[in-house]
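Below: the structure, in structure tokens.
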Amino acid sequence: MKIVICPDSFKGCLGSLEVARAIKDGVKEIFPDAQYISLPMADGGEGTVDALLFAIGGKKYKADVLDPLGRKIKAEYAVLSDGTGVLEMASASGLPLLRTNEKNPLITSTYGTGQIILELVKKKVKSILIGVGGSATVDGGTGMAKALGVKFYSKSGENLQEGGGFLGDLEKIDISGINRDALKTKITVLCDVNNPLTGKYGASRIFGPQKGADKKMVNILEKNLKHYAKIIKKQIRKDIEHIPGSGAAGGLAAGLVAFLNAELKEGAHFIAEKIKLEKNIKDSHLIITGEGKIDSQVKYGKAILAVIQISKKYKKPVVAICGQISGDLKFLHKYGLSAVFPITPGPITLEESIKNSKRFIRNTSAQIAGLVRCFYKNRLNS
């Protein structure tokens, strides 16, 4: 029996590799002699670097960068064994770097992300993969571009301040000083969502609130991003406003397209291809995936959706585990999900759930395997 284990991370709790190990430990109690293929997944958000390192190999590095509020921190990135550079923008510009009272997308910046790009360029990597999930910013990638040498001027002729709250004052963009080596490097953006830069489903309205924006701030950011897109279209000759995925990371994806000619990819399917997920699912008997929270956002390109779609293609049973279920998940069954199981044994606090997460995952996985054994044995004996 071949079992493929391919979970995403449980955000703020366990990385995808740790989740995969816990699932394997639980299932192995029931199927000790099965063949196990562990392929930690990601969608361009948390865990992207680790998933690619696990599958391809390579080395991690740390860079001195500025966090979303301009404070000095060390951020991780990696160079894969095939010479590809990979980074998660959240390591330099992500929400986990801020306290709750510090979240303010009017002033947070992606400057640190640009600094990591420069570090990779210095290492002369052949290409760069950028995961853009988990951002604390809605600056359209202006901070990133500044780190690469682009200059932004306000209507008064001064250097534009950091953050999405100042984009409405943007008057002129000077790209003459952009790092030439960065411009020559192939950049691929791994998007965990396919939202456009602006509009009803844009960066501000959909993701602004989770980054600390109230209703008034959302309206300011939306207006400013529209102005920013207009300036880029006029001066850089690129129309970034409605590109699917351009709203990822508060418009960082749009900025990467505008200034580095980046290509936007659906992160989950890109990573699935890199780790050879389809090849392993094709001749498997059971697939187990999962992530911390399973809700309606899954349909917008999350990792487990890619797993479900590939499993359906080969008519394979796929089961998901999660820390929390939210909303009606009938749509996932239509995509091909066999069942979903929350790991918590009863009403408990978030702290308790996080503390005991490995044990809960292991126990739930053993229960799933026990259920599968009933049907698997019957099928073998029929």
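The values are calculated or read from the model by the stated rules, or taken from the named source; none is laboratory data. Nothing here was measured: the structure is a model prediction, and the numbers come from that model. With ideal geometry, Cβ positions are generated from the backbone for all residues, glycine too; neighbour counts draw on all protein chains shown.
Which of the residues that make up segment 315-335 are of a type outside the set (Lys, Arg), assigned to a loop (DSSP other than H, G, I, E, B) and within 20 Å of residue 40 (Cα to Cα)? Write out each step before concluding.
First, pick out the residues of segment 315-335 that are of a type outside the set (Lys, Arg): 317-329, 331-333, 335.
From what's left, assigned to a loop (DSSP other than H, G, I, E, B): 317, 326-329.
Within segment 315-335, just 317 meets the criteria.
The number of residues in segment 19-33 being buried (at least 17 other Cβ atoms within 10 Å of the Cβ) and either part of a loop (DSSP other than H, G, I, E, B) or at pLDDT below 95 (or both) comes to 2.
For (1) among the charged types (D, E, K, R); (2) without any contact (Cβ under 8 Å) to a residue 24 or more places away in the chain; (3) assigned to a strand (DSSP E or B); (4) in the same structural domain as residue 12 (by TED's automatic domain parsing), each residue gets a yes or a no:
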| position | (1), (2), (3), (4) |
| --- | --- |
| 233 | yes, yes, no, no |
| 246 | no, no, no, no |
| 251 | no, no, no, no |
| 256 | no, no, no, no |
| 287 | no, no, yes, yes |
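Of the helices (runs of 4 or more DSSP H) entirely within segment 71-187, none holds at least 3 residues that are at pLDDT below 95. Of the set (1) under 23 Å from residue 367 (Cβ atoms); (2) modelled with pLDDT of 95 or more; (3) surrounded by fewer than 24 Cβ atoms within 10 Å (Cβ to Cβ), all apply to residue 14 but (2).
Would segment 294-303 turn up any residue that is in a strand (DSSP E or B) and touching a residue at least 40 places away in the same chain (Cβ under 8 Å)? Let's see the steps before the verdict.
Initial filter on segment 294-303 (in a strand (DSSP E or B)): 294.
Now restrict to residues that are touching a residue at least 40 places away in the same chain (Cβ under 8 Å): 294.
Checking segment 294-303: at least one residue is in a strand (DSSP E or B) and touching a residue at least 40 places away in the same chain (Cβ under 8 Å).
Residue 54 - would you say it is among the aromatic types (Phe, Trp, Tyr) and at pLDDT below 95? So residue 54 passes the test. Residues in segment 87-107 include at least one that is touching a helix residue (DSSP H, G or I) at 6+ places or on another chain (Cβ under 9 Å) and basic (Lys, Arg). Looking across segment 55-105 at every residue that is more than 16 Å from the chain's Cα centre (by Cα) and among the acidic types (Asp, Glu), the one that is surrounded by the fewest Cβ atoms within 10 Å (Cβ to Cβ) is identified as 64.
All conditions in (1) buried (at least 23 other Cβ atoms within 10 Å of the Cβ); (2) modelled with pLDDT of 95 or more hold for residue 192, with the sole exception of (2).
Give the residue that is farthest from the chain's Cα centre (by Cα), with candidates limited to residues of segment 231-253 that are among the basic types (Lys, Arg) and under 23 Å from residue 162 (Cβ atoms).
Just the residues of segment 231-253 that are among the basic types (Lys, Arg), to begin with: 233-234, 237-238.
When the remaining residues are screened for being under 23 Å from residue 162 (Cβ atoms), the result is 233-234, 238.
Working: 233: 27, 234: 30, 238: 25 Å.
Only one residue tops the list, namely 234.
Residue count for segment 209-222 satisfying the condition of being of a type in the set (A, V, I, L, M, F, W, C) and without any contact (Cβ under 8 Å) to a residue 24 or more places away in the chain: 1.
Any residue in segment 344-357 that is at pLDDT 95 or above, more than 24 Å from the chain's Cα centre (by Cα) and either outside any strand (DSSP E or B) or surrounded by 10 or more Cβ atoms within 10 Å (Cβ to Cβ) (or both)? No.
In the set 23, 56, 30, only one residue is in the same structural domain as residue 98 (by TED's automatic domain parsing) and either in contact with a helix residue (DSSP H, G or I) (Cβ under 6 Å, 6 or more places away or on another chain) or of a type in the set (Val, Ile, Thr) (or both); that residue is 56.
A quick yes/no check of all residues on (1) in contact (Cβ under 8 Å) with a residue 40 or more places away in the chain; (2) of a type in the set (Lys, Arg); (3) closer than 24 Å to residue 211 by Cβ:
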position	(1), (2), (3)
46	yes, no, yes
55	yes, no, no
60	no, yes, no
66	yes, no, yes
75	yes, no, yes
79	yes, no, no
93	yes, no, yes
96	yes, no, yes
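Restricting 197, 225 to residues that are in a loop (DSSP other than H, G, I, E, B), touching a residue at least 40 places away in the same chain (Cβ under 8 Å) and touching an Asp or Glu at 6+ places or on another chain (Cβ under 9 Å) narrows the list to 197. Between 273, 241, 263, the distinction of being crowded, with 17+ Cβ neighbours inside 10 Å and acidic (Asp, Glu) belongs to 241 only. Close Cβ contacts (under 6 Å, 6 or more residues apart or on different chains) running from residues in segment 5-19 that are over 20 Å from residue 35 (Cα atoms) to residues that are surrounded by fewer than 24 Cβ atoms within 10 Å (Cβ to Cβ) and hydroxyl-bearing (Ser, Thr, Tyr) comprise 13/357; 14/357.
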